[in-house]
Amino acid sequence: MQMPKEWTEAEIPEGGTLLRKETYEYQTEKGDFQIEVFENLKGEFYAIGTPQNGDKLIVYGSNLTTSRALALSVVLDKIERE
């Protein structure tokens, strides 16, 4: 998915960081999960997934990668392995 890059042209004050966030809802027999994919100004991605209900909070995360799809896939795989 190609995203418009105008946001990367914004002037960020020194010491600041700007991230783009996309939100997904993953539904499975194990429950519903919210997955957020973050992109930084360098075009790097990471994803975080959390269950939407349940007694305990589990955070599934990916490493920093240059692929949005890989970051999302890593989190989906971790949820399925649990």
For D55 and T17, calculate 0.36 nm times their separation in residues minus their Cα-Cα distance, and state this gained length in nm to one decimal. 10.4 nm
Could you tell me which trypsin sites (Lys or Arg not before Pro) in the chain are loop residues by DSSP with no more than 15 other beta carbons within 10 angstrom of their beta carbon? K5, K30, K42, K56
Principal-axis tilt of helix 68-81 within the chain, Cα atoms, nearest 10 degrees: 20
How large is Rg/Rh for region 19-81, to two decimals, with Cα atoms and a Kirkwood Rh? 0.98
Report the full-extension gain for the segment A69 to L41: residue separation times 0.36 nm, less the Cα-Cα distance, to one decimal in nm. 8.4 nm
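Go ahead and estimate [θ] at 222 nm for the chain from helices alone: -39,500 (n - 2.57) per DSSP H run with n ≥ 4, summed, over the residue count, rounded to 500.
Working: 1 runs with 14 residues, N = 82.
It lands at -5500 deg cm²/dmol.
The numbers here are math on the coordinates, done by the rules we state, and not lab data. Just so we're clear, the structure is a prediction, and the values are computed from it rather than from any experiment. Glycine also receives a Cβ, built like all others from the backbone with ideal geometry; neighbour counts cover every protein chain displayed.
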